[in-house]
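Read through the structure below, which is laid out as structure tokens, and then see the notes.
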Amino acid sequence: MTASTLPGQPHFQYRGDELFAEDVGLADLARAHGTPLFVYSQASMLAALAAYQRGFAGRKAKIFYALKANSALGILQVFARAGCGFDIVSGGELERVLAVGGRGEDIIFSGVGKTRAEMQRALQVGIRCFNVESEAELEVLSAVALQAGQRAPVSLRVNPDVDPKTHPYISTGLKGNKFGIAHGDALRAYRRAAELPGLKVVGIDCHIGSQITTSAPYLDAMDRVLDLVASVEAAGIPLEHIDFGGGLGIAYDGEQPPAADALWQQLLARLDARGYGDRQLMIEPGRSLVGNAGVCLTEVMYLKPGEQKNFCIVDAAMNDLPRPAMYQAYHAMAPLRRGDAATATYDVVGPVCESGDWLGRDRDLAVQPGDLLAVMSAGAYCMSMASNYNTRGRAAEVLVDRSQVHVIRERESVADQLRNEKPLP
């Protein structure tokens, strides 16, 4: 039996004409659990994490998985067991980490709009650090911490005005973005943070965007951050850690981002050259750990020829896979069984009543109704952004560990959706 892997997703491969996740046939999973269905490979996640771990070997470094990429409890357990901390951006994500046994000291809290209630809860569980994103937030957090009889550990997220060369919706380090404190204002903000009685300054943070596929933006951002570290510490404010965020991209459509270990060899060489190689380092990867670890299985329902376009209508939709509608994003597609049907060019679309409900444009596919497709590279920012638009239930999720299959989310029913709604008397 011959095996052939798919670009960027080595743990998904054809054995003969059947597509497998590790040692499990995807068509078997579709039959057992229905479609749409998200399938994740544990080996893929751990291999991606291992590249970061190799890059940091011998260093004082901690990897904090960014939940926003995919916050399924089963996936959080994989990373917790592998020794990761967690980067959260909401009180809900905090509770998810706690639900899998995560400790407060392994959590850092990012985000531009933390509420007082979220701050109180995070202080209660003893999180490691708040990544503060505005001077106004410093004032509120200090007041909340004093009321709780504590000092909140803070790191300022600095906006270095570095272009990550990515989609504008996922660029976060430019002057026009809502994130972080402007580089030119950061020293003043640090001085204010050091004055506030409810705060303890512990670090500096920088995150410039997502789906970054070259090393140059990281090197530029590192230089800008290290310049600021020197200025802050010259002002008498010591920094215990430096957090360089995440954002490393994956291969969706032939991109060739640097491997995590190779990227960090470059960054650590720059860090050493500037005299900061012995610092406690933190990073916050998300997509690069889970993006290519997942696929979404979907069934072809109808083939609809048209004057200008042919449409392949599938049972997955923009509520399941929002990235194409939101970012015009590309996801490769692969049949679960390679056959000999005639190939035609289709727009692959879902059942949602929006013209924006498409999963792929101009795809050459050999399919017929009843066939099954895998939408590739669907492990990040798909299920975590899924919705109930058109009262569609969110998909089930399964995690594959070699030949074992674990259901980590049951398919959502209409009754689940209606549970918290109340009709008028």
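Checked against (1) under 14 Å from PHE38 (Cα atoms); (2) not assigned by TED's automatic domain parsing to the domain that holds GLU307, SER377 passes all but condition (2). Contact annotation: residue pairs with Cβ atoms under 6 Å, 6 or more positions apart or on different chains, pairing a residue in the stretch 120-149 that is within 18 Å of GLU105 (Cβ to Cβ) with a partner that is in a loop (DSSP other than H, G, I, E, B) and at pLDDT 95 or above, are LEU123/ALA148; LEU123/GLN150; ASN131/SER110; ALA145/ARG151; ALA145/GLY198.
I need the full set of residues from the stretch 238-268 which are of a type outside the set (Asp, Glu) and touching a Gly at 6+ places or on another chain (Cβ under 6 Å), in order please. Answer for the stretch 238-268, where residues must be of a type outside the set (Asp, Glu) and touching a Gly at 6+ places or on another chain (Cβ under 6 Å): LEU239, HIS241, GLY246, GLY247, ILE250, ALA251, PRO257, ALA260, TRP264. In this structure, is GLY275 under 30 Å from TYR52 (Cβ atoms), assigned to a loop (DSSP other than H, G, I, E, B) and either without any contact (Cβ under 8 Å) to a residue 40 or more places away in the chain or touching a helix residue (DSSP H, G or I) at 6+ places or on another chain (Cβ under 6 Å) (or both)? Against the criterion (under 30 Å from TYR52 (Cβ atoms), assigned to a loop (DSSP other than H, G, I, E, B) and either without any contact (Cβ under 8 Å) to a residue 40 or more places away in the chain or touching a helix residue (DSSP H, G or I) at 6+ places or on another chain (Cβ under 6 Å) (or both)), GLY275 qualifies.
What about LEU37, is it within 19 Å of GLY291 (Cβ to Cβ) and not assigned by TED's automatic domain parsing to the domain that holds PHE130? In short, yes. Condition check: in the same structural domain as GLU18 (by TED's automatic domain parsing), crowded, with 19+ Cβ neighbours inside 10 Å, at pLDDT 95 or above and over 25 Å from the mean Cα position of the chain (by Cα). Does LEU399 satisfy that? Against the criterion (in the same structural domain as GLU18 (by TED's automatic domain parsing), crowded, with 19+ Cβ neighbours inside 10 Å, at pLDDT 95 or above and over 25 Å from the mean Cα position of the chain (by Cα)), LEU399 does not qualify.
Taking the criterion of being surrounded by fewer than 24 Cβ atoms within 10 Å (Cβ to Cβ), part of a helix (DSSP H, G or I) and basic (Lys, Arg), the only residue of the stretch 283-325 that qualifies is ARG323.
Residue count for the stretch 206-222 satisfying the condition of being touching a Ser or Thr at 6+ places or on another chain (Cβ under 9 Å) and either surrounded by fewer than 19 Cβ atoms within 10 Å (Cβ to Cβ) or modelled with pLDDT of 95 or more (or both): 1. If the condition is being of a type in the set (D, E, K, R) and at pLDDT 95 or above, then the stretch 280-319 contributes GLU284, ARG287, GLU299, LYS304, ASP315. The residue of the stretch 326-378 that is surrounded by the most Cβ atoms within 10 Å (Cβ to Cβ), among those that are of a type in the set (Phe, Trp, Tyr) and under 21 Å from ALA395 (Cβ atoms), is TRP358.
Here's the yes/no breakdown for (1) farther than 23 Å from ASN70 by Cα; (2) outside any loop (DSSP other than H, G, I, E, B); (3) among the polar types (S, T, N, Q):
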| site | (1), (2), (3) |
| --- | --- |
| ASN390 | no, yes, yes |
| GLY393 | no, no, no |
| VAL400 | no, yes, no |
| GLU412 | no, no, no |
| LEU424 | yes, no, no |
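Of the residues making up the stretch 229-255, those that are buried (at least 16 other Cβ atoms within 10 Å of the Cβ) and either within 18 Å of the chain's Cα centre (by Cα) or at pLDDT below 95 (or both) are ASP243, PHE244, GLY245, GLY246, GLY247, LEU248, GLY249, ILE250, ALA251, TYR252. Selection within the stretch 4-60: residues that are among the polar types (S, T, N, Q) and at pLDDT 95 or above. The member of this set that is surrounded by the most Cβ atoms within 10 Å (Cβ to Cβ) is SER41.
Counting only strands (runs of 3 or more DSSP E) wholly contained in the stretch 23-88, the ones carrying 2 or more residues that are closer than 19 Å to HIS331 by Cβ occupy 37-41.
Of the residues making up the stretch 260-279, none is surrounded by fewer than 19 Cβ atoms within 10 Å (Cβ to Cβ), among the hydrophobic types (A, V, I, L, M, F, W, C) and under 26 Å from GLY34 (Cα atoms).
Hey, among the residues in the stretch 208-260 that are in a strand (DSSP E or B) and in contact (Cβ under 8 Å) with a residue 60 or more places away in the chain, which one's farthest from LEU359 (Cα to Cα)? Within the stretch 208-260, the match that is farthest from LEU359 (Cα to Cα) is HIS241.
The values are calculated or read from the model by the stated rules, or taken from the named source; none is laboratory data. Values in this document were obtained by computation on a predicted structure and should not be read as measured data. Positions of Cβ are generated from backbone atoms using ideal geometry, with glycine treated the same way; all protein chains shown enter the neighbour counts.
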